[in-house]
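The values are calculated or read from the model by the stated rules, or taken from the named source; none is laboratory data. Worth saying up front: this structure is predicted, and the values here are computed from it rather than measured. Glycine also receives a Cβ, built like all others from the backbone with ideal geometry; neighbour counts cover every protein chain displayed.
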Amino acid sequence: MSNPKSCNGRLLSLYKLFDCPIIFQVQVLARPNLHDEVEGSGNEVPVTAPPPPKKMEEVAEGEVQTTSLPQEEKVPAPAAAAEGGDILDVIRSVSLQYPPGLYAPPFYVPLSYACLPGDVIVLEVIIDTDLAKKLRVFSKTKYCHVADSRLTYEHLDLPEMVTYRPDALNRHSVNIYNAVVSVWIVSEYEYHSQRNFKEMKKFALVSQEYPLEFKQPFARPRRQDLQISRSCLSWEAEMLLFISVDSSLQCIPEMDGFQLAYFPIPLSLTRRGVSRRVGEVQDPYLRRYFRKEKNHPRYTITFLLFIKNYCKGPLCSIYHRKEFHTNAYITPLIFMTSEGKIHFQVTQEDGKYRSMLNHFILPKYEWFRMTVTMNGVYWSLTLNYKNFTRTHMAGDRAPFPDPVHYSDNEGLAYLGGSNVVPAFPGFIADSRLWRGLSQNPKKIEHPNSTHPVRWLELEQHHQACDSLHTRLFWAFQSYSVVIKSYQRRVTCPSFEVYIRSFNELQKFCLARTKVSVPKQLKFVYGALRKVVTVTHNFDIEAKGLLGSMLMAEAEKTLKMNGLDKYDDLLNLLKQASCFDHNEAAAMLGAMYSAGLRKRKDTRKGMMYTLMAAQEGNIMAQCSLGFMHLYGTGGLDQDFDYAYFYLIEVAAQAVKSKEKHGAASVTTEMVRLTDTAQLQYHSGEKGDYFQWMKFQASKGMTDAQARMGRILYWGSGGVKRNLQAATKYYERTAKAAPKNAVALFDYGVVLLRGQGTEKNITKALEQLNKSAALGHAPAFTAIGWYKLNIEKDYEAAAKYFEKGDQGGHRDAAHNLAYMYSRGIYPGKGEEKMTAFKYYKRAADKGHSDSSVMLAKLYKEGVENEMEADSEQAAKVRIHILWAYRVAIEHEEFGMLLRKGLEAFLSTSWDVSVLYYLMAAEAGLEVAQFNLAYLCEENYEGVADRYFQSGCQWKYYEMASLSPKPHAATLLKMGEYYWYGHGDNRDTDLAIGYYVLAARHRVPEAIFNLAYISEMGMQIPQQHLKSLGVKKLVYQSSNTEEVAKELYRICRDHNSGEAYIPCGLALLRLNVAQTYRAHPYACQLATYPM
């Protein structure tokens, strides 16, 4: 090995990376002359201190900035010392002349101090990194032997891990998220008697701290002061050095704070909540660290809570984590008890559960912050309430006895409830999780005026409703006294109730002229008089009766006057919502959100929608799910939120279908532009129903079967009548013994006892006859009986297999059920096989299978399919399956029917209101119909109740549907082509026209042809999808593209498209011929 050149530096050896010791030539930087002892006395005249050096600019990558350093200077001593006074008159002080700012080597700080003999001045730098807190990386001390004041420039020579960027030779560079420069003075006695700096600082006489900023690791300068001799580098070391110098390394930024929720989540005493997958960090080093510390966890969780009531059962969930498939609880669980206390539970290292109970009673009807911190076995609970001005802390001195197990990668985190535990009734918002950090609750910001919990003003609304409740409570007591006096035949011409004792609540009646009732409260006071005759207490039952009576009066007002008495309607709905009537709150939310009567109020609309959703209203839940699914209505797109709302509505839709109540309504997607559908859905007085009824009376079996289905399902605007439907089914089965469908229909109603008494023997007879004729649903019905009644799993599986072979979706669903429960003969639990059958049934429109499929896509199939797999994540399949079932809920059917009936009776404003409620809930057909009503503007209904452009608002909302209607796509193409409201965008117009053309809409194909004829290019992939020939769409001749599109339009199945498209094609051919042969064309047209 060659001898190294002589240099003024030090030798470093890295035995792991190099074949031989590496010689570094170290550039020696100029340093200031630092004195440990101060010379001179206090009566010396100090030299005037120079101005502080300018703040160093940021160092560019690959550079090290140097700066000239001033010498140590004295600063003027205090007056008493300078004049020869007592030395004790010197006032100790220590500080930096200006904040240190951004660190970049070499770095100096101006230290100014005044000290007394026996003092020690300490300068230190403390940092917090991802892996350690309060780490000291620099310290320096100076002794003071005489009273003196000085200004010195101290070099902060920090270690390379915080100074330079990471490379092959600086592998331990750390990220710094907090750093302070601390200067302080301590007596020499304490300096030598204390064990460490931490204990020593407690006895500091004066101290100051200053923040110090650091760049991110890869933004720091490279270490350029080392000239490496490569003569003896190993190949591995040389390659590592080459990579570190010539490549730009990047790391994935890791956030220690994870936002679990921001916008308020409405929760009720149901087993549902918003689930989040936190997952592991991306950085491999941090991942190894968290895995190593999983039995000594550090984390912080915070929530904003609004509690309406405490739990009805022993426990309900605020936040918990559990495994997907075993439902085993994992750390942490934060539950509420029925008394309003906090139950905190963890899983220990040995798998056992440990819990602690906090005895503080949580406040109700106000927003407050809860923060839970875990540091090893120690936990703490902090509550900030009373408008965040009061604080309660608990748990600091109550550690768990054994190590606590915690891992972000296990299971899902649930805000609210899950399938194993109900949620608390109220709202949860702004929930955050800090991983690997015990966050100080005092540093967590409270919501400002723009935060949703402030903006929504839920507390103010509750206070207003509480004031109404108080007023009505005393009126209720007054009316109760009057009723009792009448019962005793004691009359009292006027009265007023006073309270003699708040403890005993003794009431008596005094004479008075009259009880004054405000005009807006006249109806509710009248309703209250009726409620007094039913119940003796102003309790939940009485309030529920009042809410129902107010809502009934609102519907009556709407039916009789439409929206002409809008203010009266609004007043009744507000009062009903104060009594937790969710339909009234949902209607108010839709009215305010849409700006009905041009009174748009986004805040009130969202507040009432959230209140209705918290009370379980289907429309409100769907509305919030729709907004979170597409990121509309001022809400962020959040698929977990959307799934939370839609899966609940979908599950309820399945239950309502299974119940098949007589008052239920089938959801039918009727478009106001379809005259044939309007004729069919004209109800019992309509021509269609009357004609079918007449045909059935004449013995026409097809008409009888049709009448049975209409009455059984309540379709076509007809009310359900199960008894009448059963009679038609019976007639059809007797008149057509070879009609497999008629036999099946009659057998099912007998088996279920719908519209008639159950008759199992007769039902199986009819079903076996139908099955003998090869009807697949009959096999499924018999299999259902074998499975649920006789418990004959082998026979049930046999019938289900036959039904599945015949393509019946119910059979596939039942087979999935058997595989998922492990009751299929000869098979154990086969989750993936069950998933395939659920998928098969759902693809054919089975609602229950669609809900199960949504859950499986969300949570995964144990040991087979990961939750939210890559395929599912691309289009959020689980949400779309839930949405598909949710819109079939009978509540949608009721709104659509009311809107259609109002339209057919020309009550345009009433029709607008009902379609508006369904449209705001995300129902595509309602959005389309409302846009159509706005466009047609019957009797000026749109001008009177909406701001301009309402048709485009709802056409655009309808276009967001997973399966938008072709007419909607065509309308949106026109919107962007003509540029309504200065929104012209030809590219978007072409995109919408192409989507409509794929639905084989001739108008869209014609428009695309016209656009091509004008010389505009249409993307080749769009033309290919429309069936344009390859030679045509690959050419740049737009006229040829136009001709091909006109030809496709002309040959469309619609006869109406033949003439316009054919004439356009002819015109284009003639124009091309004239341009190619102008003289021949002129000669041919020359008059003879």
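Worth a mention:
- Hits in the stretch 439-458 - residues which are in contact (Cβ under 8 Å) with a residue 24 or more places away in the chain, surrounded by fewer than 18 Cβ atoms within 10 Å (Cβ to Cβ) and touching a Ser or Thr at 6+ places or on another chain (Cβ under 9 Å): Ile444, Trp455
- Restricting Lys559, Lys543 to those that are charged (D, E, K, R), surrounded by 12 or more Cβ atoms within 10 Å (Cβ to Cβ) and within 12 Å of His581 (Cβ to Cβ) reduces the list to Lys543.
- Any hit, the stretch 560-572, residues being in a helix (DSSP H, G or I), under 24 Å from Phe892 (Cβ atoms) and of a type in the set (Phe, Trp, Tyr): no
Okay, residues lined up against (1) modelled with pLDDT under 85; (2) touching a Leu at 6+ places or on another chain (Cβ under 6 Å); (3) closer than 30 Å to Tyr857 by Cβ:
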residue: Gly595; (1), (2), (3): yes, no, no
residue: Ala613; (1), (2), (3): no, yes, yes
residue: Tyr641; (1), (2), (3): no, no, yes
residue: Tyr645; (1), (2), (3): no, yes, yes
residue: Thr673; (1), (2), (3): no, no, no
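- Top-ranked residue in the stretch 968-986 [being under 31 Å from the mean Cα position of the chain (by Cα) and not in a loop (DSSP other than H, G, I, E, B); ranked as nearest to Tyr1033 (Cα to Cα)]: Gly973
- Screening the stretch 421-436 for residues that are of a type in the set (Gly, Ala, Ser), at pLDDT 90 or above and over 16 Å from the mean Cα position of the chain (by Cα) and picking the one that is surrounded by the fewest Cβ atoms within 10 Å (Cβ to Cβ) gives Gly426.
- One residue alone among Ser467, Ser418 is at pLDDT 80 or above, within 30 Å of Pro264 (Cα to Cα), buried (at least 18 other Cβ atoms within 10 Å of the Cβ) and among the polar types (S, T, N, Q), and that residue is Ser418.
- Taken together, the residues in the stretch 405-415 that are in contact with a Phe, Trp or Tyr (Cβ under 9 Å, 6 or more places away or on another chain), buried (at least 18 other Cβ atoms within 10 Å of the Cβ), more than 18 Å from Ile307 (Cα to Cα) and not hydroxyl-bearing (Ser, Thr, Tyr) amount to 4.
- Whichever residue in the stretch 321-332 is of a type outside the set (A, V, I, L, M, F, W, C) and surrounded by fewer than 18 Cβ atoms within 10 Å (Cβ to Cβ) and, among such residues, is farthest from the chain's Cα centre (by Cα): Thr326
- Within the stretch 1038-1050, residues that are under 11 Å from Ile1011 (Cα atoms) and touching a residue at least 24 places away in the same chain (Cβ under 8 Å) sit with their Cβ atoms under 9 Å from residues that are outside any helix (DSSP H, G or I) and among the polar types (S, T, N, Q), at 6+ positions apart or across chains, in these pairs: Thr1038/Gln1017; Val1041/Gln1017; Val1041/Ser1035.
- All positions within the stretch 528-563 that are of a type in the set (D, E, K, R) and touching a residue at least 12 places away in the same chain (Cβ under 8 Å): Arg529, Lys530, Lys543, Glu553, Lys559
- Residues (of a type in the set (Asp, Glu) and surrounded by 19 or more Cβ atoms within 10 Å (Cβ to Cβ)) located in the stretch 125-166: Asp148, Glu154
- One residue from Leu1008, Leu1031 being part of a helix (DSSP H, G or I), under 15 Å from Glu1044 (Cα atoms) and modelled with pLDDT under 85: Leu1031
- Any helices (runs of 4 or more DSSP H) falling wholly within the stretch 151-223 and containing at least 1 residues that are at positive phi and at pLDDT 80 or above: none
- One residue from Met692, Met700 being buried (at least 18 other Cβ atoms within 10 Å of the Cβ) and within 20 Å of Glu730 (Cα to Cα): Met692
Results for (1) buried (at least 18 other Cβ atoms within 10 Å of the Cβ); (2) without any contact (Cβ under 8 Å) to a residue 12 or more places away in the chain; (3) closer than 30 Å to Leu456 by Cβ; (4) assigned by TED's automatic domain parsing to the domain that holds Lys322, shown as yes or no for each residue.
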{"position": "Glu339", "(1), (2), (3), (4)": "no, no, yes, yes"}
{"position": "Met356", "(1), (2), (3), (4)": "no, no, no, yes"}
{"position": "Glu366", "(1), (2), (3), (4)": "no, no, yes, yes"}
{"position": "Thr373", "(1), (2), (3), (4)": "yes, no, yes, yes"}
{"position": "Trp379", "(1), (2), (3), (4)": "yes, no, no, yes"}
{"position": "Phe388", "(1), (2), (3), (4)": "no, no, yes, yes"}
{"position": "Pro399", "(1), (2), (3), (4)": "no, no, no, yes"}
{"position": "Pro403", "(1), (2), (3), (4)": "no, no, no, yes"}
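- Residue selected from the stretch 92-114 under the condition under 17 Å from Lys140 (Cα atoms) and not in a strand (DSSP E or B), by the criterion modelled with the lowest pLDDT: Pro106
- Restricted to the stretch 592-666, the set of helices (runs of 4 or more DSSP H) holding at least 3 residues that are within 15 Å of Leu880 (Cβ to Cβ) comprises 618-630, 639-659.
- Sole residue being closer than 27 Å to Ile647 by Cα and outside any strand (DSSP E or B), chosen from Val481, Val453: Val453
- The criterion of at least 3 residues that are under 21 Å from Tyr630 (Cβ atoms) and under 31 Å from the mean Cα position of the chain (by Cα) is met by the following helices (runs of 4 or more DSSP H) wholly inside the stretch 907-966: 908-920, 924-936, 950-959.
- Test: residue in the stretch 979-992 that is in contact with a Lys or Arg (Cβ under 9 Å, 6 or more places away or on another chain) and charged (D, E, K, R): no
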